[in-house]
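Participant: Dumping the structure here so I can ask a few things about it.
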Amino acid sequence: MRDYDTVLITGATSGIGYELAKLFAADKYNLVVVSRFERTLHEVTEQFRALGSPRVVSIVADLSAANAAADIYQQTLLRGIDVNILINNAGAAEHGLFCETNVERDLSIIQLNISSMIHLTKLYLCDMLQQKRGRILQLASLASYQPTPLLSVYAATKAFILSFTDSLINELEGTGVTVTALIPGPTRTDFFRKAHAAQTRTAQNNLADPADIARIGYEALLKGKHHVTAGSSVKANVIMSNILPNESVASLARKNMEIVD
Ligand SMILES: NC(=O)c1ccc[n+]([C@@H]2O[C@H](COP(=O)([O-])OP(=O)(O)OC[C@H]3O[C@@H](n4cnc5c(N)ncnc54)[C@H](OP(=O)(O)O)[C@@H]3O)[C@@H](O)[C@H]2O)c1
């Protein structure tokens, strides 16, 4: 019998979260999968069951709403589900100059990428600490290290996630609970299209396969590693971003976010 059996994944219907859910399903974990649309959730739920997950519960929730995390927690509590792995994966961005993006959209990205992630972590981590066991995976990004013009709010949320995760790593030492930051570079998912960034230089380049990113995150999480980079040149880019002044990093990041023909 293994230590962990039930995983909650936000954003399990697409991209990296979907690939992570497939890995957990194939390894016979129970799944709680969260995203906004019932139909897509229903489709993936069937797939995860077919792959081998003994129990798949889907929860429809919009994590850009203030009460979403509490609602999700309440639903798992009422169903007697003991979540011992939390994957804070759902996230979004919006491409454009800061003064030209819609403020409601900016704030909803902050609610999704930061506030709901914090709230879910608070609720499930406290239960894990009582049980002295648990694993949390945080979707950071290369953008966590790079102020990114034309994607400024998103990059700032990812910097927040990394900083928050690094503090938790320290607080959780010796508790039996670990938190892991997965740090992917640009990856071939629906992310760029949804962010209106599909025509950027970054999105036109060779993007990483989300299945490879998920596999790296999955293994690091289960080993209780603190950080793991994933994708070609990500490690080198992190080192470079830590050495260069922020102005230079931002200038390089801006080039990658510009629209190309
Ligand atoms: N792709 C990249 O280049 C890249 C690089 C580094 C880090 N990341 C991070 O990886 C994570 C996953 O992104 P991805 O690339 O896999 O993107 P994706 O393919 O767009 O998947 C995002 C997932 O999050 C869900 N989601 C989005 N908004 C939501 C909301 N308001 N409430 C609930 N669920 C929501 C989506 O489901 P619905 O839309 O159906 O709700 C979907 O399942 C994000 O945190 C992203 O920042 C991505």
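Participant: Looking at Thr148, Thr187 in this structure, which one is among the polar types (S, T, N, Q) and either away from the ligand (no atom under 15 Å from the Cβ) or under 15 Å from the mean Cα position of the chain (by Cα) (or both)?
Facilitator: Being among the polar types (S, T, N, Q) and either away from the ligand (no atom under 15 Å from the Cβ) or under 15 Å from the mean Cα position of the chain (by Cα) (or both) holds for just one of Thr148, Thr187, which is Thr187.
Participant: Further question on the same structure: Please verify whether Arg55 is surrounded by fewer than 20 Cβ atoms within 10 Å (Cβ to Cβ), charged (D, E, K, R), under 25 Å from Ala220 (Cα atoms) and more than 16 Å from the ligand (Cβ to nearest atom), treating the condition exactly as stated.
Facilitator: Judged against the criteria, Arg55 is a match.
Participant: Quick check on Thr10: is it within 12 Å of the ligand (Cβ to nearest atom) and closer than 24 Å to Ala155 by Cα?
Facilitator: It is true that Thr10 is within 12 Å of the ligand (Cβ to nearest atom) and closer than 24 Å to Ala155 by Cα.
Participant: Still on this model: Please go through region 124-160 and give me each residue that is hydroxyl-bearing (Ser, Thr, Tyr) and in a helix (DSSP H, G or I), ordered by number.
Facilitator: Of everything in region 124-160, those that are hydroxyl-bearing (Ser, Thr, Tyr) and in a helix (DSSP H, G or I) turn out to be Tyr124, Ser144, Tyr145, Ser152, Tyr154, Thr157.
Participant: Within 12 Å of the ligand (Cβ to nearest atom), under 18 Å from His119 (Cβ atoms) and of a type in the set (A, V, I, L, M, F, W, C): is that true of Val44 in this structure?
Facilitator: No; evaluated as a whole, the condition is false for this residue.
Participant: A further question on this structure: Checking Lys132 against (1) farther than 30 Å from Ile81 by Cα; (2) surrounded by fewer than 22 Cβ atoms within 10 Å (Cβ to Cβ); (3) touching a Gly at 6+ places or on another chain (Cβ under 6 Å), which test does it fail?
Facilitator: Evaluating Lys132 over (1) farther than 30 Å from Ile81 by Cα; (2) surrounded by fewer than 22 Cβ atoms within 10 Å (Cβ to Cβ); (3) touching a Gly at 6+ places or on another chain (Cβ under 6 Å) leaves (1) as the failure.
Participant: Looking at Asn84, Asn102, Asn113, which one is at pLDDT 95 or above, of a type in the set (S, T, N, Q) and near the ligand (Cβ under 10 Å from one of its atoms)?
Facilitator: Going through Asn84, Asn102, Asn113 in turn, just one is at pLDDT 95 or above, of a type in the set (S, T, N, Q) and near the ligand (Cβ under 10 Å from one of its atoms): Asn113.
Participant: If you don't mind, there's one more thing I want to ask. What's the number of the only condition in (1) touching a residue at least 40 places away in the same chain (Cβ under 8 Å); (2) under 23 Å from Gly185 (Cα atoms); (3) surrounded by 15 or more Cβ atoms within 10 Å (Cβ to Cβ) that Phe98 fails to meet?
Facilitator: Going through the list (1) touching a residue at least 40 places away in the same chain (Cβ under 8 Å); (2) under 23 Å from Gly185 (Cα atoms); (3) surrounded by 15 or more Cβ atoms within 10 Å (Cβ to Cβ), Phe98 breaks only (3).
Participant: Specify the residue that is nearest to the ligand (Cβ to nearest atom); the eligible residues are those in region 161-184 that are assigned to a helix (DSSP H, G or I) and of a type in the set (Asp, Glu).
Facilitator: The residue in question is Asp166.
Participant: Filter region 144-160 down to the residues that are in contact (Cβ under 8 Å) with a residue 60 or more places away in the chain and of a type in the set (A, V, I, L, M) and list them by number.
Facilitator: Leu150, Leu151, Val153, Ala155
Participant: So, one more: Name the residues in region 204-217 that are part of a helix (DSSP H, G or I) and in contact with a Pro (Cβ under 7 Å, 6 or more places away or on another chain), would you? I'd like the intermediate steps shown before the answer.
Facilitator: Residues of region 204-217 that are part of a helix (DSSP H, G or I), as a first pass: 204, 210-217.
Across region 204-217, the qualifying residue is only Ile213.
Participant: Still on this structure, I have one more. Of the conditions (1) touching an Asp or Glu at 6+ places or on another chain (Cβ under 7 Å); (2) without any contact (Cβ under 8 Å) to a residue 40 or more places away in the chain; (3) crowded, with 20+ Cβ neighbours inside 10 Å, Arg105 fails just one. Which one is it?
Facilitator: It fails just one condition, (3).
Participant: Does any residue in region 194-206 that is within 17 Å of Tyr154 (Cβ to Cβ) come within less than 6 Å, Cβ to Cβ, of a residue that is in a loop (DSSP other than H, G, I, E, B) and acidic (Asp, Glu) six or more places away or on a different chain, and which pairs are these?
Facilitator: Ala195/Glu94; Arg201/Glu258
Participant: Only one of these conditions is not met by Val44: (1) under 30 Å from Ala253 (Cα atoms); (2) free of Cβ contacts under 8 Å to residues at least 60 places away in the same chain. Which number is it?
Facilitator: (1)
Participant: Going through region 155-194 one residue at a time, which ones are charged (D, E, K, R) and either touching a Phe, Trp or Tyr at 6+ places or on another chain (Cβ under 8 Å) or under 16 Å from Ile110 (Cα atoms) (or both)?
Facilitator: Answer for region 155-194, where residues must be charged (D, E, K, R) and either touching a Phe, Trp or Tyr at 6+ places or on another chain (Cβ under 8 Å) or under 16 Å from Ile110 (Cα atoms) (or both): Lys158, Lys194.
Participant: Could you please find all residues in region 13-30 being hydrophobic (A, V, I, L, M, F, W, C) and within 13 Å of the ligand (Cβ to nearest atom)?
Facilitator: If the condition is that a residue be hydrophobic (A, V, I, L, M, F, W, C) and within 13 Å of the ligand (Cβ to nearest atom), then Ile16, Leu20, Ala21 are the ones that fit.
The values are calculated or read from the model by the stated rules, or taken from the named source; none is laboratory data. Only a predicted model underlies this, so the values are computations on that prediction, with no experimental measurement involved. Because the Cβ atoms are built from the backbone with ideal geometry, glycine has one as well, and the counts that use them run over all protein chains shown.
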